[in-house]
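First the structure, in the form of structure tokens, and then the observations on it.
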Amino acid sequence: MVGPGGYPDVTALDSTPAMLANAAATATVRSDRMPAGDPSRVPFIIGGIGMLLLLIGGNGMWILEIFPYNSLVYTANLVIIGLGLTLAAFGFIGYRMNYHSSMGLVTALVTLIFAWWLPALYAAQGAFHGPGIYLWGALLITGMEMLGVSLILWGVTVTRVRHRAGHSRLGVAAGVLFILAGSFWCSILLVLVASIMLIPACIVGMVSLFMSRLGGGS
């Protein structure tokens, strides 16, 4: 650049590296917050439906305690819970597909592994007799702990991808609710509190999945 008197503008030349550094930093921040991956809304839709089923099945467990035991209805509700967890895992696979999120993949795998643990355990409760009931109790506690861990992972993942998903505040709200619900669930003694907190968590989480923007294909 030419300054006064036709001489080179040294000040402008000196500021060029700083300008380039600022531009590179800005581009990095933007790239971190922009979607990058294979665009597909299908996993988000499936995951949202899964959270809706989990909401229905999870609260159905408490409602069924009020009425006389019906094995068919009870089993159907357990299937709804297992199916809800399985489909919800696809929402986190969507985070992996659209944003290349490693946490999304880990969360999906953990959720899929333990999706049918508690439903199968409740369904097989009658097969445990005598001392075997202690084994059933140990497996039940393990399943509850892993479900709590899964919910915590849901919260961490939703929080981490919130910028790329395009819903910063909604992602924080869903993340905090899932982490609190999972923590209460892991405590065993506060399962009822966890179930109540899971209601808004699933609702906000479902909305956040439906509103997530697609990946940029990069």
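Couple of notes before you dig in:
- Backbone HN-Hα couplings from phi across the stretch 136-151 [Karplus 6.51/-1.76/1.60, Hz, Gly and Pro as x]: 4, x, 5, 5, 5, 4, 4, x, 5, 4, 5, 5, x, 4, 4, 5
- In a fully extended conformation the segment linking residue 133 and residue 45 would gain 27.7 nm over its present Cα-Cα distance, using 0.36 nm per residue.
- Coupling constants for the stretch 79-90 follow from the phi torsions by the Karplus curve (6.51 cos²θ - 1.76 cosθ + 1.60, θ = phi - 60°), and in residue order they are 5, 4, 5, x, 5, x, 5, 4, 5, 4, 4, 5 Hz; glycine and proline get x.
- Residues whose amide H lies under 5 Å from that of residue 101, counting only those 5 or more places away or on a different chain, are 96; hydrogens are built 1.01 Å from N in the peptide plane.
- Its Cα gyration tensor gives the stretch 165-218 an equivalent ellipsoid. The semi-axes, each the square root of 5 times an eigenvalue, are 27, 10, 8 Å from largest down.
- For q = 0.17, 0.20 Å⁻¹, Debye-computed log10 I/I(0) when each Cα of the stretch 107-218 counts as one equal scatterer: -0.82, -1.02
Every number in this text was worked out from the coordinates using simple rules, so none of it is lab data. Fair warning: this is a prediction, and the values are worked out from it, not measured in the lab.
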